[in-house]
Amino acid sequence: MAVTVRKQERPPIWRNTTVLKWVAQLAFLFGFIGIVAVVVPQVADNLAGRDITFGWDWMTSRLSFLIREGIDLDPPTGARTMLVGMVNTLRVTISGVIAATFIGTVIGIARLSNNWIVTKLATFYIESIRNIPLLLQMFFWSAVAGTFAILDPFDADTLEAGKYWVAATRKGIAFSWISPWGGFYQWMIWVLIGVVLSYFLHRRLFKIKEETGRETFPNLSAFGLTTLFAVIGWFAHPVFSFVGTVVEAIGNLVGAIPTLGLQLGLAAVSIFLGFLWIKRFLDDRRTPAGLAKLTDDDWFRMIAAGVAAVFFAGFFLIVSGFSAKTLDVGEDFFNRWLAPKFDSTSNVIDLPIDEIQAQVAAGLSLEDIAHEQELIVNAELLGLSDADIDAAVASNRSALQIYRDLPDDQKDQRLTYIPPHKLVEGLSKARANDLNTLIENGDITTAELGAELEKLKDRADLPLRWSKAEVQIRGNNFLDLSPTSGVNITPGFFAVWIAVTLYTAAFIAEIVRAGILAVSKGQSEAAGALGLSRAQGLRFIILPQAFRIIFPPLGNQYLNLFKNTSLGIAVAYSEIVSVGFTTSNQTGQTLPVILFWMGFYLSGSLILSSVVNFYNRRLELVER
Amino acid sequence: MSGRIELPEVPELELAPERPPQGPMVWMQENLFSSRGSTILTLAGLVLAWVAVKGLAGFIFDFTARRWDMVTLNMRLLMIQAYPAGDNLEIADEAGMPIDQIHRVWISLAIVVVLAIFSLVFWRVGSRISRRSIARVFMGIGSFVLFMFLGVPIIDYTFPFLLIVGGAVVLYIGFNAIRMAIGTSRLLGDLALGLLISLPIGVALILLGIGGIDFGGWEWQFSGKVHFWTILAGALLVLVAWALQRDEASKEPSMPMMGILGFLAVVVAGLLWIIKVPVPAELVVGAPKAWAGIASSTKVPWTMILLGSIPLYFLAVQLRRLVPEKTGRRALSGLWLLSFPFLAMVVLRDPGFGEEFAPGFSLGQYLALAIGFLILGGAVIALASHPSIGEWAAAISGILGVAIIYTWGFTSMLFFIRFLLVILLVFVLGAKTFGSGPARNRYLMVWGVTMVLFTYFYIIAKGGTTVDVPLASPFGGFLLTLVVFLGVTLVSFPLGVILALGRTSTMPIFRLMSVTYIEVVRAVPLITWLIMSIIFLPFALPLDAELDRIVGVILFYSGFSAAYLAENVRGGLQAIREGQKEASKALGMTTVQTMIFITMPQALRTVIPALVGGAIATFKDTSLVTIISLFDFLHISRFVIPNSTLGRASVRTTLLFAAAFYWIFTFAMSRASLRLEKKLGVGER
């Protein structure tokens, strides 16, 4: 019997699913691009109607507003303004993550306690915190911060800088703290070497212990070695003062790279990476029988990777400004930022002490000298001639005199703020004020002053320094956060930090609880059978296993905390959204600011989630 | 041998003897003082709880500093802000604001209450609960009252408290030593523990009862005597409730839930008339009165609603006997869906055909258009759902799509026609899925009903209103919070489902776009999107177009919320086994039908808890609109009332009230979600 095999007909083109799928996708994509193409000119038109042109000029020009707190209160450029906001966001995020993890873990364990009242308290905490909007909690803490009043911030007499261990006012809290000082970075090299050596020592000792069973004290030895290096480094750190020169040389080397070289290099790297990706992808799809059949999706991926590689290569080649800027930034990073860290006297107006003595003898106060020195340094940066600088100093002196003669109520508090302690490294603000008073009253001879300053100068390159709390209110609303002071916590920081910490801790507690419950009961029973106490069982048996389960959602909570700090805008904490909002209101540049936010949060989230993913992969059980 | 098999002797299964009911002493020993560490923790926990409650009670009852009257007097502001005002100045509230349109709010509320009660009945919500669980609630309330009022700082309890705790510790150690000496006699141990509990309470009661401590300095009628009796009442409540739940019979579920709710409604209605709060004299125009009811201007409507709901419940029960339950449930679902636009109309417009329409508006023209569309569109849909039409249905949708792009993008046609075209396209696209075969007539009927309702709502929306709101937006206070919450939930749901489908799709461009959208939107905090809706959206519109801020916020917020929802739905989609899809394909279902009737219902059912969790987060985060100066519930509690002349320094007071208010809603929602999770048995099947 003959069997007729009907030839399979290809469906007509309007019924071919592959064709239909691609037509639909491309139509949708072009529709989307079309909408964007309509909206963007619309936005540009509307902005032009209000005399605003889209651009990034504001990044390089000074924005005329002050920031409440951060690394720079009056930043010279828009870019630096945004940097201050970013640093503030990261500051509260990192401290919040640490605190929330700790509190959350404790409360999560407390929820599983055998003790009825402890369980109930933990439940009460979680249920009340979780169910109240975070913003409301932030408002509440901000209102609470308004009631701190150990010292009256408006009574200038009670607020002497550098006098207190702890000082709390309605404008914030300040407490004494250790801060890095002149020789810190050189000392850090010693510590770093110690840590690296300890790591190897620990590994070796631990191996011996495992193999032979002999007690070798790996932890103790590692700790001891690090401490030893830290102690030696404390005295011997100037050994590494040459690092600054090396760094500078690297910076110069970076600066010497021609722009075209970097352009070509980057283009080559992007093409190479694209090629590598496609090759790996094909290798993945290769089976012993040959190349597997590629789906639409696979083709799309490869084409997309190729297009992306070509796009980036083209971008690097055509936009030479990007490479030039990268080189500039790289050079600045080494020469202007990193190198000075190894030079213990670089960020101080380092006037020779006999010069100071001479000027004091000529009737100037330390404040005046500091003021003039800053003026001179700035003028030199601007490239003024010597004659011009002299003229500027002279006119400044007379202007200062006029200002001094004003009655007190007409003076702007902020203008009188001059940092005399910056004259000599090691001169604290309090000591500088004391010396000033002595000079003004004529209680100190110039020779004695020289001896005093010399003494301070000897201690200028210590790695760390203990600084007393300094609360100094400048103008209306500002805490002075100069780098030599203790730690200052503003009401805004306090409200954001405590709110996000407590809020996230409630969620973390639930995660920890779920993680511990997920570890099978046999494990804790086995721990008990081995004679471990409940705490020991928790520490050595349960928590390490629970950690695998806890970790991924924990990373999510960290991301939430990072994003939730953006609510700081509501309690006047100068984080990135708050600073950006003010910027956009001032310059009208809404779109660039929005793009900046998106870039910042996207990269922050990506970095955080890739770190989480990295550890998560390391934690995963290797299954056979 | 015969086939008898000798079974070995099996020892009878012995069950562990049931534990005899344990007294509170044993319970305490097991749960509070099981070991030395546990005892320390208990004492520390007690001190912590004491400090917390004392702080809270001290905060709440400090009537010289707290301005609770700011909350009660501004309740209208908190709930609905300025709405509704009309031009009839004669009907005004105590502050002189016109409130002649306030009946609209009450009507809306009444509609919601009626629908809610009918739904409760038709879905048979409310089982019976046991006497024990109720008694435990009362025990909780009693101990809270006890604890709370011991914490009121009329007098400083710190010293007596420390004495009591210290004494208790000493007693505990002493009794334990005695017990050790005697041996493990349970009776003596219980006696010791009993003394331990009763002594401090006795000492506290005696201290309070003698009243040797000053109770003075209280402005309102909360004297030391009341204080004492309240504490005594709390203690009695605990004791009675404890006695009520001791016997085994109390475990039986015997009390009807609905009856308890009805009883509560009566109690609340009664309390509205009884409880009074102090009013500062300067607030009241004319004769100064020091006291006012807790809901002075609204107790009549509240009482009507609360008491009216009881006969309404019985009416609904009668109705359930007459109407098949399934029909009733369907009708109620439809009414709930319709209630949102309808209530918006009640609130914003005059729901009858008002006399005033916008200039150039002709009712006849709209009606003619609607009827024309009804008939023509019906014909097109009938055609599209005809089995023999095949792929031509796609051609019809294509033509409609082009027409829509043309009318929306390139002409200035009536918006009515543009909207109608979009609705028609949706119906034509769904024709093959929903309207094929026997379902065709029903589908056409749905089309007819949709057209009538849409025309009605559209014409009303164009119509006039007697509401005159002095502010930019008619919504404010808790009403705004609700509007944003409901709007975001409604808009984000379809968007999130579409994104989830895109993300799990096999089509690379759709997937790439969905993934990009979801990841970018989720990486950036909500507040930036909200800020964008006010500083960027206005520029993206044509210069003359004006969009209400609230609409912009709801749009951007929905876009944000949809990204999270999409991730949740994706989880559900991935949990469905491939076999389901293959089976539906074997039955001859199209891809769309598979998705709508097979995949989606299962996927959504799995992720209901996650979706409710998302809704709770949305509800909490509506408070963020405060930052962009929308007058929501939080904004009014944080800024409006504390910044008013009389409300100075009441920030923490109003914030605490707001916190409690939010808490009740979110807590109730999370509990409901837990119950739903159990009922659906998610993760068990």
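Since every read-out is calculated from the coordinates, none of them should be taken as a lab result. Here the structure is a predicted model, which means the values were calculated and not measured. Cβ: placed from backbone, ideal geometry, glycine included. Neighbour counts: every protein chain shown.
Assorted remarks:
- Amide H contacts under 5 Å for A:Arg465, placed H, 5+ residues apart: A:Ser179, A:Trp181
- Extension gain for A:Leu595 to A:Asn396 (0.36 nm times residue separation, less C-alpha to C-alpha distance): 67.4 nm.
- Three-way shape label, region A:201-343, alpha-carbon gyration tensor, a/c 1.5: oblate
- Legend: calculated FRET efficiency, B:Val47 to A:Thr437, from the Cβ-Cβ distance at R0 = 60 Å, rounded to 0.05, equals 0.80.
- Inter-label distance, nm, simple model (7 Å from Cα along the C-beta direction), A:Ser610/B:Ile371: 6.7
- Here region A:30-96 is assigned +1 on the Cβ of each Lys and Arg and -1 on the Cβ of each Asp and Glu. Its dipole about the Cα centre then comes out at about 160 debye.
- Nearest-20 debye value, region A:224-355 charge dipole, Cβ charges on Lys, Arg, Asp, Glu: 880
- Note on B:Ile111 and A:Val377: their simple-model spin labels are 7.0 nm apart, each label 7 Å out from Cα toward Cβ.
- Positive-end residue of B:Ala610, B:Ile598, B:Ser637, charge dipole of region B:571-649 with Cβ unit charges: B:Ser637
- With the simple spin-label model, which puts each label point 7 Å out from Cα in the Cβ direction, the B:Ser34 to A:Glu448 separation comes to 7.1 nm.
- Once Rg and the Kirkwood radius are both taken over the C-alpha atoms of region B:374-453, their ratio Rg/Rh works out to 0.99.
- FRET efficiency for the pair A:Trp466 and A:Thr227, taken as 1/(1 + (r/R0)^6) with r the Cβ-Cβ distance and R0 = 22 Å, rounds to 0.70.
- Other residues whose C-beta falls under 11 angstrom from the C-beta of A:Ile208 contribute a net charge of +2, scoring Lys and Arg +1 and Asp and Glu -1.
- Rounded, prolate or oblate (a/c below 1.5 giving rounded, otherwise prolate when a/b exceeds b/c) for region A:574-624 by Cα gyration tensor: prolate
- Computing FRET efficiency as 1/(1 + (r/R0)^6) for A:Leu517 and B:Leu604, where r is the C-beta to C-beta distance and R0 is 25 Å, gives about 0.40.
- With at most 13 neighbouring Cβ atoms within 10 Å, loop GluC sites (Glu not before Pro) (DSSP) excluded, longest segment of chain A: A:216-619
- Interchain or long-range residues, amide H under 5 Å from A:Leu63's placed H: A:Gly78
- In terms of its C-alpha gyration tensor, region B:433-588 has an oblate overall shape, because the principal axis ratio a/c (a ≥ b ≥ c, square roots of the eigenvalues) is not below 1.5 and a/b does not outweigh b/c.
- Taken as Cα centroids, region B:304-332 and region A:88-136 sit 44 Å apart, rounded to the nearest whole angstrom.
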